Amino acid sequence: MCSHYEPVITKKQLATHFKVADLEDGLKPELWPGYIGPFIRKHEYADVGDDAVPFRELMVGSFGMIPHWSKDTKIARMTYNARSETVAEKPSFRDAWRLNRHCIIPAQAIFEPDWSTGKAVPTRIVRTDGKPMGIAGIWTGWKNPANGEILRSFSMLTVNADDHEFMRNFHKPQDEKRMVVILQEEDYDGWLSATWQDSRQYLKQFPAELMQTQTEAWTTDLP
């Protein structure tokens, strides 16, 4: 499970690796649940037949799903990851899943706890090829009852990683091992276009040989 990551917030990287533009300024370089970060969805007018409309659209929203029925945004602290096995059933996620609201969450790195010493050591995980990660997610919109403004939000999808040679080394020894779904670049548009009936083919483990830890000073205090 991932509750802390580094989003891709440089316009050059977003344009080069994700083919999107127009990122707003001032986003945080490290995100925790409830923080605002970028995500990529299929453009709402991508199917109108206008060549001027890009297929992908860059948005910003809360890291942590805020379903339409929520009274406030506090639920984002618990809905930042959605289990692929139960996403269609859980009240916080099922509407977004049923409506095919797929997204890609651009990440430079994710952090997971290494318990090999008996204590949780936050560990930075990156791709071995230096490319950013495109994490599969779902998104939704929430209307603030106080002012009527719409806040978008997103959650990362996860799969079991008990047998994953790399990700099984994280989290407590007795806990189930989980990992976020990292998409292959050639699957980006397919994931954004897929219906919920066709989505399962994308929800799989990322190759262990393409992931590595990267030692870096811990720079952000826990929220």
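Please treat every number below as a calculation from the coordinates, not as lab data. Everything quoted here is computed from the prediction, not taken from an experiment. Note that each Cβ is placed from the backbone with ideal geometry, even for glycine, and that neighbours are counted across all protein chains shown.
Which length gain, in nm to one decimal place, applies between GLN174 and ARG200 when the Cα-Cα distance is subtracted from 0.36 nm times their residue separation?
Stretched out fully, the GLN174 to ARG200 stretch lengthens by 6.6 nm.
For the chain, what's the relative contact order in percent, using C-alpha pairs closer than 8 Å and at least 6 residues apart?
So the answer I get is 21 percent.
List every residue whose amide H lies under 5 Å from the amide H of ARG152, counting only residues 5 or more places away in sequence or on a different chain, with H placed 1.01 Å from N in the peptide plane.
When sequence neighbours closer than 5 places are left aside, the close amide H contacts are SER62, TRP142.
What is the fewest-to-most order of VAL181, VAL121 by other Cβ atoms lying within 10 Å of their Cβ?
VAL121, VAL181
Considering only the other residues whose Cβ falls under 14 Å of the Cβ of GLU57, what net charge follows from Lys and Arg at +1 and Asp and Glu at -1?
That sum, taken over residues with Cβ under 14 Å, equals 0.
Tally Lys and Arg at +1 and Asp and Glu at -1 over the other residues with C-beta under 12 Å from the C-beta of ILE9: what net charge comes out? The partial results should precede the final answer.
On the way: positive: LYS11, LYS12, LYS28; negative: GLU6, GLU24, ASP25, GLU30.
Combined, the nearby Lys, Arg, Asp and Glu give -1.
Classify the chain as rounded, prolate or oblate, taking a ≥ b ≥ c as the square roots of the eigenvalues of its Cα gyration tensor: rounded when a/c is under 1.5, otherwise prolate if a/b is larger than b/c and oblate if not.
Cα axes put the chain in the rounded bin.
Would you mind getting the Kirkwood hydrodynamic radius of segment 60-151 from its Cα pairs, rounded to one decimal in Å?
About 15.1 Å, per the Kirkwood formula over Cα pairs.
Quick one: putting +1 on the C-beta of Lys and Arg, -1 on the C-beta of Asp and Glu, what dipole do you get for the chain around its Cα centre, in Debye to the nearest 20?
600
Residue by residue, what Karplus-based ³J(HN,Hα) values in Hz, rounded to whole numbers, does segment 177-187 have, using 6.51, -1.76 and 1.60 with θ = phi - 60° and x for Gly and Pro?
These are the phi-based 3J(HN,Hα) values: 8, 10, 8, 6, 7, 9, 7, 6, 4, 6, 9 Hz.
Would you calculate a helix-derived [θ] at 222 nm for the chain, using -39,500 (n - 2.57) for each DSSP H run of n ≥ 4 and dividing by the full residue count, to the nearest 500?
-2000 deg cm²/dmol
Starting with the fewest neighbours, write out MET179, MET78 ranked by other beta-carbon atoms found within 10 Å of each beta-carbon.
In increasing order of surrounding Cβ atoms, one gets MET78, MET179.
Any idea how far apart PHE55 and LEU151 come out in nm if each label point goes 7 Å out from Cα toward Cβ?
The modelled label-to-label distance comes out at 3.3 nm.
So what are the ³J(HN,Hα) numbers for segment 146-159, from phi and the Karplus equation (6.51, -1.76, 1.60; θ = phi - 60°), rounded to whole Hz, Gly and Pro as x?
Computed from phi, the couplings for segment 146-159 are 7, 10, x, 6, 9, 10, 8, 8, 8, 9, 7, 7, 10, 10 Hz.
Roughly how many nanometres apart are two label points built 7 Å out from the Cα toward the Cβ at LYS74 and GLN13?
In this crude label model, LYS74 to GLN13 measures out at 3.4 nm.
Here are some pairs, LYS12/LYS172; LYS42/LYS172; LYS12/LYS42; LYS11/LYS172; which of them have Cα atoms lying more than 29 Å apart in this structure? Don't jump to the answer; show the numbers that get you there.
Numbers: LYS12/LYS172 37 Å; LYS42/LYS172 37 Å; LYS12/LYS42 20 Å; LYS11/LYS172 37 Å.
The pairs that break the limit, which is 29 Å between Cα atoms, are LYS12/LYS172; LYS42/LYS172; LYS11/LYS172.
Assuming 0.36 nm per residue, please report the length gained on full extension of the stretch ASP189 to ALA120 beyond their Cα-Cα distance.
Length difference between fully extended and current span is 21.2 nm.
Cut-off is 10 Å between beta-carbons; in what order do TYR45, TYR80, TYR35 appear when sorted fewest neighbours first?
Ranked by crowding around the Cβ, least crowded first: TYR45, TYR35, TYR80.
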